[in-house]
1. How would you rank 9-16, 162-169, 217-224, highest first, on the average number of other Cβ atoms within 10 Å across their residues?
2. What shape does segment 109-154 have by the C-alpha gyration tensor, where a ≥ b ≥ c are the square roots of the eigenvalues, rounded means a/c under 1.5, and otherwise prolate means a/b greater than b/c and oblate the rest?
3. Calculate the spin-label point distance for residue 351 paired with residue 190, positioning each point 7 Å from the Cα along the beta-carbon direction, and give it in nanometres.
4. Using the Kirkwood radius over Cα pairs, work out the Stokes-Einstein diffusion coefficient for segment 277-330 at 20 °C and 1.002 mPa s, in µm²/s as a whole number.
5. For segment 1-80, what class follows from the C-alpha gyration tensor (a ≥ b ≥ c being the square roots of its eigenvalues): rounded when a/c is under 1.5, otherwise prolate if a/b is larger than b/c, else oblate?
6. Given Cα positions, please report Rg to Rh for segment 146-264, the hydrodynamic radius being the Kirkwood one.
7. Label points 7 Å out from Cα along the Cβ direction at residue 141 and residue 227: separation in nm?
8. Can you give the angle from 0 to 90° between the axis of helix 225-235 and the longest principal axis of the chain, with both taken from C-alpha atoms, to the nearest 10?
């Protein structure tokens, strides 16, 4: 008996979530993504999956998705409708059209009647309201109204990646939904022990940043830059130095693990005229070695972004000054590791560093998905 499940991935991006599904026994045979660059990235990673590149709100694209899914006899629908309108910083407007993409996912689900549904997004989904016809309602209320007669929802929805073999504190809301005629009703697995940054990346060789001001300035501050770079690249082509502004690097060189440069008495973030920069307390902040890292955002290559700087190690400068190593954002290799991606992730050669960083920040850590899907596969069989 073939116990492999056939799946479709809606709003697939580049397929970060799908990284380990094949080895579990899940064949993602169809995927849909509106952005052509991300669709091409996805097709590079998963050449056997048919990519339908197009806008799911268009009737012709919807029809193609539904027709091909029915032909494939899809068992599982995975969907991650974009979440910009659900962000804490947003207005949480019920009329925000960015939140209405969930309508199209539900339309497709109701047509396909799959055995199982994996619907994930940011935790704010639970408190986000949308307008349905003339009625304002919470998204969970809408889901229950549309699917509740034929589907059962798992009790737990809020999870953190750190509890499922990912060294990252990334919280997600995930609806695990089972058709009522299925013997196994999908639930979340039990949490696993957490992985700290020291355990995850503590054994990697140090890397100095490249200064935007040029190599001459870089070598003045980091005379061992080239030796460290070569050692790092021998380990992996993805362990290469990020590029940062000198003033940011100087501030971070004086910032201990787990701390923000805003707390420094002298070497705090400054404007070009020397004035103190005003910013969020979690910016210009190093990760802590003894914890998983904070959520990887899309802007993870910028020191001034939300907590995205290497933890560093204390050392003495040539004048006896206390400094901290690795005053930079994580390398791509480190990003792969803390996001639970393979160290040799098969990214396309044409993909820029900026694009790779962004899609990692957009994606759900695949080891979190693997653990949840394993719970389904083990019990479905």
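1. Those peptides, ordered most packed to least, come out 9-16, 162-169, 217-224.
2. Oblate is the answer for segment 109-154, as a/c is 1.5 or above yet b/c matches or exceeds a/b.
3. Roughly 3.5 nm, to one decimal.
4. 178 µm²/s
5. Here segment 1-80 falls in the oblate category.
6. Working: Rg = 22.7 Å, Rh = 18.7 Å.
The Rg/Rh ratio comes out at 1.22.
7. Here the answer is 6.6 nm between the modelled labels.
8. Helix 225-235 and the main axis of the chain meet at about 30 degrees.
FYI, it's all coordinate maths here, none of it is from the lab. Computed from a predicted model, the values in this text were never measured in an experiment. In this analysis, Cβ positions are derived from the backbone assuming ideal geometry, glycine residues included, and neighbour counts consider all displayed protein chains.
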